[in-house]
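A.B. asks: So that we are looking at the same thing, I have put the structure below in structure tokens.
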Amino acid sequence: MLIGASEVFVVDRVPDRLRLAESIGATAIDFSAGDPVEQIRDRTDGVGTDHGVDAVGYQASAPSGEEQPALVLNTLVEVVRATGAIGVVGLYLSADPGAPDEHSARGELLFKVGKLFEKGLRIGTGQANVKTYNAYLRNLITAGRATPSFVVSKELPLDAAPEAYQRFDRREPGYSKVVLKPAA
């Protein structure tokens, strides 16, 4: 939204996170309420989006809670319009001993590469190049144009970290992002 997107969709199933997305002007899509591709296409006259971002990675889960490592990537291939782009900042591992199947355990995913190619989609992956963006983002924050602190739901002392992480992991209300204060 900071760089001019006319509409930003945020797909999740956690009510707190969906409310946070709406609070900054994004359109919240609850994937537990139906296919997110259909929901987004309904809101874009069947076109889909120009771009998509996988910020989840290999721990993506279906509405049932079942881990499906390629779910977000495949959803993006379906929802991003032809010649659009997909950015992947979600974490993918070359080995995952806790994966739901033997291929995912080796970092091999069943990915719709044929559909990606057919639609002429571009894909970029990897960790953020912090040095490229840190001064730009800092300036947006100091100018009051970006306020990333909206995601912080709690500030707790460091010794509260184990319980806070468990509550965050269970997606409990009020635990969208916890900032730990070592001196508190």
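Taken together, the values in this text are just the output of simple stated rules run on the coordinates, not laboratory data. What you see is a predicted model; the values in this text were computed from it and never measured. Here the Cβ positions follow ideal geometry from the backbone for every residue, glycine too, while neighbour counts run over all protein chains shown.
A.B. asks: When the helices in the chain are scored as -39500 (n - 2.57) per DSSP H run of 4 or longer and the sum is shared across all residues, what 222 nm value do you end up with, to the nearest 500 deg cm²/dmol?
C.D. replies: On the way: 7 runs with 58 residues, N = 184.
After summing the helix terms and dividing by residue count, I get -8500 deg cm²/dmol.
A.B. asks: Take the eigenvalues of the Cα gyration tensor for segment 9-151, scale each by 5, and report the square roots as semi-axes in whole Å, largest first.
C.D. replies: 25, 20, 18
A.B. asks: Also, quick follow-up: Which of Ser32, Ser64 has the fewest other C-beta atoms within 10 Å, and how do the rest follow up to the most?
C.D. replies: Ser64, Ser32
A.B. asks: Express the Stokes-Einstein translational diffusion coefficient of segment 28-88 in µm² s⁻¹, to the nearest whole number, given a Kirkwood radius over alpha-carbon pairs, 4 °C and a viscosity of 1.567 mPa s.
C.D. replies: 109
A.B. asks: Using Cα-Cα distances under 8 Å and only pairs 6 or more residues apart, what relative contact order does segment 9-151 have, in percent? Walk me through the numbers on the way to the answer.
C.D. replies: On the way: 200 pairs, mean separation 25.3, N = 143.
RCO, segment 9-151: 18 percent.
A.B. asks: Take Ala183 and Lys119, extend 7 Å from each Cα along the Cα→Cβ direction, and tell me the distance between the two endpoints in nm.
C.D. replies: With each label placed 7 Å out from Cα toward Cβ, I get 4.9 nm.
A.B. asks: To continue, here is another question. Using alpha carbons only, how many angstrom separate the centre of segment 73-125 from the centre of segment 7-39?
C.D. replies: Using only Cα atoms to place each centre, the spacing works out to 21 Å.
A.B. asks: Take every DSSP beta bridge whose two residues both sit in segment 9-151, then give the antiparallel share in percent to the nearest 5.
C.D. replies: 5
A.B. asks: Here's a follow-up. Rank by packing, highest mean first: peptides 150-163, 42-55, with packing defined as the count of other Cβ atoms within 10 Å averaged across residues. Show your work: numbers first, answer last.
C.D. replies: On the way: 150-163: 12.6, 42-55: 15.8.
So the peptides 150-163, 42-55, ranked by packing, come out 42-55, 150-163.
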